[in-house]
Amino acid sequence: MSTSTTSRDGTSNRGETGLGEPLELRHSHARGFGLGFVVKLILMAGINAFGLFGILAAWAAGSWGILAFLVIALIVADLVYFLPGKRILPAKYLFPGLIFLLVFQIFVLLYTATTAFTNYGDGHNSTKEAAISQLTNTYEQRIEGSEAYPITVLSGDDGLALATVEGDQVLVGTADQALAPLEGARASDGRVVEAPGFETLDYAGTVAAATELSELRVPVSGQEAEGVLRTDDGRTAYAYDSTLVYDENADAMVADDGTVYANNGEGAFAGPDGEELRPGWQIFVGLDNFGAIFDPGTLGGPFVSVTLWTFAFAILSVALTFLLGLLLAILFNDEKLKFRNFYRAIIFLPYAFPGFLSILIWAGLLNTDYGFINDVLLGGAAVPWLENPWLARLSLLLVNLWLGFPYMFLVTTGALQAIPKEIYESAEMDGAGAVRKFRSITLPLLMVAVGPLLIASFAMNFNNFNVIYLLTGGGPQNLESTTGVGATDILISFVYKIAFAGGTNDYGLASALSILIFIMVAVISALTFRRSKALEEIN
Amino acid sequence: MTSPTTPPTGDGSGPEGSDRAPWAAATPAPATGTSNTAQPPGSLEAEGARVPAPRRRPRAGAGRRFARGGFKHPAAIAACIFALFPLVYAFSASLSASGSLLGSNRLFSEITGANYTELLTDPQNPYLTWFANSMFVSVTTAVGTVLMGAAAAYAFSRFRFRARKGGLLALLIIQMFPQLLAFVAIFLLLFAVSEVYPFLGLNSRLGLVAVYLGGALGANTFLMYGFFNTIPRDLDEAAEIDGASHAQIYWTMILPLVTPILVVVGMLSFISSFSDFLLAQIVLQEPSQYTLAVGLYQFVAVQFGENWGVFSAGAVLAAVPVVALFLFLQRYIVSGLTGGAVKG
């Protein structure tokens, strides 16, 4: 079991020849009964318990996708960590990270991609069957002139039942069984007190079953026209009938006044005037979401302006932070400058301060009425820094400059110091002036080192949700627009608004927009990718 | 190689070599040739103190002479004021008596700790809970990211297996897609998970950690992979000959040698999860679960400017540990940044 020779496989043979005494270390922690093995066993026991718990819970909840994933993941985990052999070794180290990557990066990516082709969102978030039953229940009405039934709630093998007294007969009905006389039941004071085969629920029991009770519909008789009993308080029931009935042949909901709400093919039933019944259901809509994004009539206009601003914001942010950082780096790249380290420490501070906090502080500083900048620096002016579209954009760039220039300063300082002094000396000998030296030596060498970081910075700013959302919230809003898009919204905050803010949550549309951002990021990355050395490193 | 009795951990050249050489080379991703880019920041502070001022006076070109002119200090001071004034303002606001946005404009006119007292005692906005939540989420994420990223980097760096190249390439591509963009799907996924594991689903801090850990491999494996490659494989082989198992080599030999990169990755992961707003806002829905980012935003957004003093106090307190960590680990971070990681 714990022999060391098995643990190293082929290599141990090589090592064993002529090496003399095997060391204590030869016992593999993972396989012998050492500390490592015990730790591994405990960890794996925990993981198995976690997995089994999840499998049972998923079974109970009917989450089949999660169930299947858990079963597979658990089996793979046990195989990876208990199979012997060298071939499985890399998997032991990769498995934990891969599981998380798989679920929270790759799966969500694919899920985003599928959602983009559906109409998933408010009013379209379940199946057609669920929508029909919900519609039937929502549009029910108490039958005019119908009597009130004093009822008792019973609990039987098939769920809840309602019992009522009619004359001297006790009638009992369930969701599947219309009201019918029950032999041997006893009533007193107009209330049922005993029903064979059922248990009468007291007040507490009724309250506990409130949700189930509110969904209970008991047919009054075999005839549909007499409606269904429904109770809200567990003491009195009324006969209801639905004003909307699903007609399977026509695939439509028919109202009692004769209006036909036909399946409009877009995941909803719509009346003749085009009015849709809520809720609808989730369907695949093909490229409709993408169509809406590019259609000038719906989202096309905002999409173009938001995209332009996103690029402008990202490029200007990088350019401004880089320029200021470079300027300061050159300034401080002078060993004789006094207090140089002190200055550097101060300039480092904005970088160290948590970004979300400094953005909020800036929002206060730039406040029109009470902000420090207007009130003190500008002597009481009322410059609408965050309310005017162009000033808001300017403010964003300013704040992002503040947030980003220390980083650029640090990075360029590093790169500048890495340029060998000899190059400058030989350039000087050739008679190059300061400008020439900067243009022909400093800048090219700097860009080699810093270029990839600028691209990374661009990519980060391209999706810099925090600074937009916390400073301007994407505003000021264009009041003429119905989409809620503001002048400073970038693509990612636009997606956020479509998905979570505003009146409707349109996950399908938001996902489609996300996919477009993915594609933009991918294209930009691919263009710059070839110049990166990262690929070579793999080989 | 010839002395099999040497324990693998104590290899003489190890620690020293790891301090400098692997460091510089651990940043190759962007360096493209100038692989020592990262080294100078390490010597940033040291240099200024070490070099005595007047030495090569005569060799000054026209530009240099101008540069030495007095404009440098004013420019430096201007930059420092720009960098510092929002922070000073926030500090002053946190001490102001009026507590409103307008009242905070007269810097340091009155000094009181009332905002701090209110911040820590307001039951409506449990600041200490948010703080603890943030710490829990960020520290757990950082530790998890380091453990998983290092293990993956070790596998890619030390083992030769069939899917190795493909795997590295796949990671490189996947890491280009910000997880942030899939937030709708993340929301829906956690919603589904809530039914199975309530403690991992929506409105749970562990669920948020799990989401953050999804990005652990993509973003950091490359940074670590480069560093791991700079640790000579001879060390592993020697240890292997001595009979050390792969787990022993990894835990007792490699990990201590790569500590600098572990610190950087852990730190970056801590910062990015500490500052994340979007995902935290989507996942956490009750004030008792909020992180600082979500809690303080809600707090200040309700009536902007009303609670300004208290908010500032919260901001100052929240920033203290982060800034302290930053300054403490400045050397590591600066080098790690040059290595291609970007603050989130």
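Just so it is clear, none of the values below were taken in a lab; they were calculated from the coordinates. What you see is a predicted model; the values in this text were computed from it and never measured. Because the Cβ atoms are built from the backbone with ideal geometry, glycine has one as well, and the counts that use them run over all protein chains shown.
Can you tell me, using C-alpha contacts under 8 Å and at least 6 residues apart, the relative contact order of region A:198-331 as a whole percent?
Relative contact order for region A:198-331 comes out at 8 percent.
Averaged across the residues of A:376-382, what count of C-beta atoms belonging to other chains lies within 10 Å of each residue's C-beta?
Average per residue, whole number: 1.
Counting only other residues whose beta carbon sits under 14 Å from that of residue B:212, what net charge do I get with K and R as +1, D and E as -1?
Net local charge, residue B:212 excluded: 0.
Return one number: the angle in degrees, 0 to 90 and rounded to the nearest 10, between the long axis of the Cα atoms of helix A:128-138 and the longest principal axis of the Cα atoms of chain A.
Rounded to the nearest ten degrees, it is 60.
Tell me which aspartates and glutamates have Cα within less than 15 Å of residue A:40's Cα, excluding those fewer than 8 residues away on the same chain?
A:78
Give me the one-decimal nm value for the distance between modelled label points at residue A:180 and residue A:102, 7 Å along each residue's Cα-to-Cβ direction.
Spacing of the two 7 Å Cα→Cβ label points: 5.2 nm.
Can you give me the relative contact order of region A:140-242 as a percent, contacts being Cα pairs under 8 Å and 6 or more apart?
32
Sorted by packing (mean other beta-carbon atoms within 10 Å per residue), highest first, where do A:178-188, B:166-176 land?
The densest-packed peptide leads the list: B:166-176, A:178-188.
Sort the following peptides by mean Cβ neighbour count (other Cβ atoms within 10 Å, averaged over residues), highest first: A:387-395, B:266-274.
The packing order, highest mean first, is B:266-274, A:387-395.
Over all residues in B:192-198, what is the mean tally of Cβ atoms on other chains that come within 10 Å of each residue's Cβ?
For this peptide, the per-residue mean of nearby foreign Cβ atoms is 6.
Roughly how tilted is helix A:340-352, in degrees to the nearest 10 and between 0 and 90, from the longest Cα axis of chain A?
Taking the Cα atoms of chain A, the angle to A:340-352 is about 20 degrees.
Hey, what number do you get for chain A at 222 nm if only DSSP H runs of n ≥ 4 count, each worth -39500 (n - 2.57), divided across all residues, to the nearest 500?
Rounded to the nearest 500, it is -16000 deg cm²/dmol.
Looking only at other chains, what is the average number of their beta-carbon atoms within 10 angstrom of each beta-carbon in A:329-340?
5
Report, in degrees rounded to the nearest 10, the 0 to 90 angle that the Cα long axis of helix A:389-418 makes with the longest principal axis of chain A.
Helix A:389-418 and the main axis of chain A meet at about 50 degrees.
Relative contact order for chain A: what percent, with Cα pairs under 8 Å and sequence separation of 6 or more?
In percent, rounded to a whole number, it is 13.
Could you tell me the distance between the Cα centroids of region B:229-258 and region A:122-169, to the nearest Å?
Taking the Cα centre of each part, region B:229-258 and region A:122-169 sit 70 Å apart.
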